[in-house]
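Student: Sharing a structure with you now.
The values are calculated or read from the model by the stated rules, or taken from the named source; none is laboratory data. Not measured: the values here are computed from a predicted model. Just so you know, the surface numbers come from the protein's heavy atoms only, side chains and all, with ligands and any DNA or RNA stripped out. Shrake-Rupley method; radii C 1.70, N 1.55, O 1.52, S 1.80 Å.
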Amino acid sequence: MRRWAWGVIAVGSMGFVPSAVRAQYDTPPPMPAYAMENVSVVQADGQRVDGMTVIVRNGLISVMAPGVVVPADATLLEGEGLVIYPGIVDGHGDIDAAWPDANDVEDPDDVTAWDPPRSRQGFMPHRRLADHIAVQTDAIDESRKAGIVASLAHPSGGMAPGQSAVLVHRNATAPWGIVEHDAPGIAMSFQTAGGVYPSQLFGVIAYLRQAFMDAERYELMRGASRSASPNFVGAGWDPDYEVMRRAARGEQLVYFQADSDEDIRRVLNLADEFGFRVAIVGGAEAWKLADELAERQIPVFVSLDFPNLRDWEPEEEAEGELEPAAAREKESIEAVWSNAGRLAAAGVTFALTSGGGGGDILEGVQKVVEYGLAPDAAMRAITTTPAALLGIDNVVEIQAGGPATFLVASGDLMEEGTSVRYTFVEGTLTEASSGGGGDAPAGSLTGSWSGTVTVAGQDTPATMQVTQSDDGSISGTFAGEGLPPSDIGGRVSGTTVTIEILAEGLPEPIVLTGTLSADGNTITGGGSTPFGKMEFEMTRGGGQSDWSIFLGGGR
């Protein structure tokens, strides 16, 4: 340590510290103050007031009135035609979680396919997402840039991977500082356990039914052991069955991932049989059961993470009859885009979500408005409705004296081309990246790629053909040993690449997230699949890349 530093420590320890310096340790410094002039304020119910001056100080909206002089100590946020809206509440958000890998066992040879441990099967309802949130939450920072101020995050990796968490995207120093409710419900799906039982849909349904029945028997045995004679052999404590019984008694909601009408029907049948309260997550074909969902008051968290177009090109659609493949895709995609409007018409309670992948909610909202959802209903579906369902109504209130939690848009939030400029969460400012949905792509991935994917410890050669658009979206094909060419979609945001492999025969896409090297010719990362955790490394085979943002202007 430098000599002068030792001197400072010595003086401080003797108490020779000026009072102004001591005050720094007695009282935390005030939060920065911000101001916006001549802005419009739109409430969740659609009420709009123009020409307002809004001042944020000490985490609160200290002033919201016309014609107010901006204080000298406030930073004036620039922008023409700015509009303040309630912040977005994402009913299926993204979060960085440090999950233990279910495939990490001491000796894989000891795992029998017909009787694997629960962790390998994806049945761990006792596990709480709130206990595994990573210290650094990059996903939270990215979501704030997109105007998202709170979210519901679900654990992943199986048919019952754990309990969800309601998060407020505040600037917290500890990972649990963003947790508002630690266990609002249990995440469930029909995801199979690749390579072990249950590896088929009918097996998952049978397993869940048996688990509910076993949990009921467990509760009876536990009760009997407490009231019977001392020599009665009772049941030991089982944390998974404890949670299952709470669900069966209606004490915890079940957030069930289901998209097709057949799967939603299966979920409703399970709920009827075992008595649990349910919310549908995803719900791409919920419109087919809209009347029943409305009658039963079952909420739907509708995903805006729409499928990538393969054959139908709306911008280039010519007059006349489409090719059969394009016509079929147009019909199915437009049904997904109009899903929210049909649910609203039937009176279903629903929220619009990013789908868990951190996607651009704003772009999806504008699409469903284009396909029939009224703008005021869309606003409620990303603010007041999810906030009420999650028990955080206060985060969408904009009023003087209340918490400064809102987004600032470049214009009408429901119009194409509008972006998020700023997001406040309890007074902390996040300036959005251009476009409001992630960083601009640092370069192009267009070209041929080859490398290795590793699933459950087994390496497999793989190749990709990628085409990247100006907005960072990617498309192409992926092929691996023993796997026919599969369509891919995804996006590049800065150096982060998200790849969705749309393999035929799988219940859902394989989603991979990778980080690119500085020269833009290597991607390394990982993801989850129905067969277990996947790791991959791909290298561009020839060609040039443009990664000047990381190369100081190129080389």
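Student: Can you send over the solvent-accessible area of I205, 1.4 Å probe, protein chains only, in Å² to the nearest 10?
Tutor: 40
Student: Report, in whole Å, the centroid distance computed from the Cα atoms of the range 152-202 and the range 267-305.
Tutor: 18
Student: At 0.36 nm per residue, minus the direct Cα-Cα distance, what do A325 and R209 gain on full extension? Give it in nm, one decimal, please. Please report the intermediate quantities before stating the final value.
Tutor: Values: separation 116, 0.36 × 116 = 41.76 nm, distance 3.87 nm.
Stretched out fully, the A325 to R209 stretch lengthens by 37.9 nm.
Student: Report the normalised scattering of the range 329-439 as log10 I(q)/I(0) at q = 0.15 Å⁻¹, calculated by the Debye formula with identical scatterers on the alpha carbons.
Tutor: So the normalised log intensities work out to -0.72.
Student: How would R222, R491 rank on accessible area, largest to smallest, probe 1.4 Å?
Tutor: Values: R222 60, R491 90 Å².
Highest to lowest solvent-accessible surface, that is R491, R222.
Student: Can I ask one more? With every protein chain left in place, what is the accessible area of V111 in Å² (1.4 Å probe, nearest 10)?
Tutor: Around 40 Å² of this residue is reachable by solvent.
Student: Using a probe radius of 1.4 Å on heavy atoms only, what accessible surface per residue do you get for the range 154-228? Whole Å² is fine. Could the numbers behind the result be given before it?
Tutor: Numbers: 3170 Å² over 75 residues.
About 42 Å² of surface per residue is accessible.
Student: Ordering F202, F123 by how much accessible area each has at a 1.4 Å probe, largest first, what is the list?
Tutor: My answer, sorted largest first, is F202, F123.
Student: OK, next. Take the solvent-accessible surface of the protein heavy atoms, probe 1.4 Å, and return the percent of it on the range 279-364 that carbon and sulfur atoms account for. Intermediate results must be reported in sequence, preceding the final value.
Tutor: On the way: 1800 of 4230 Å².
Answer for the range 279-364: carbon and sulfur cover 42 percent of the accessible area.
Student: Sorting W312, W237 by accessible area (1.4 Å probe), largest first, what list results? Could the numbers behind the result be given before it?
Tutor: Values: W312 10, W237 170 Å².
Most to least solvent-accessible, the answer reads W237, W312.
Student: Which aspartates and glutamates does K367 reach when only Cα atoms under 13 Å apart count, and residues fewer than 8 places away in its own chain are ignored?
Tutor: D305, E334, E415, E416
Student: Right, here's the next one. Determine how large the accessible area of F424 is when every protein chain is in place; take a 1.4 Å probe and give Å² rounded to the nearest 10.
Tutor: 0
Student: Okay, next question. As a test of understanding, state the convex hull volume per residue of the range 49-98 from its alpha carbons, in Å³.
Tutor: On the way: hull volume 8.0 nm³, N = 50.
Enclosed volume per residue, from the Cα hull, is 161 Å³.
Student: A further question on this structure: Just the accessible area per residue of the range 264-365, please: how many Å² with a 1.4 Å probe?
Tutor: Working: 4900 Å² over 102 residues.
Averaged over the residues of the range 264-365, the accessible area is 48 Å².
Student: Continuing with this model, one more query. Rounded to the nearest whole Å³, what is the per residue volume of the convex hull around the Cα atoms of the range 250-382? If you can, show how the numbers build up before the last one.
Tutor: Details: hull volume 15.7 nm³, N = 133.
Here the figure is 118 Å³ per residue.
Student: Roughly to the nearest percent, how much of the accessible area of the range 138-270 is carbon and sulfur, given a 1.4 Å probe?
Tutor: Working: 2780 of 5510 Å².
Answer for the range 138-270 is 50 percent, counting heavy atoms of protein chains only.
Student: Let me ask something else about it. Which whole-number percentage describes the relative contact order of the range 271-412, with Cα contacts under 8 Å and a sequence gap of 6 or more? Present the calculation step by step, with values, prior to reporting the outcome.
Tutor: Values: 168 pairs, mean separation 32.5, N = 142.
Computed value for the range 271-412: 23 percent relative contact order.
Student: At 1.4 Å probe size, with the rest of the protein present, what percent of the exposed accessible area of the range 374-476 is carbon and sulfur atoms?
Tutor: Numbers: 1810 of 4130 Å².
About 44 percent, which is the carbon plus sulfur part of the accessible surface.
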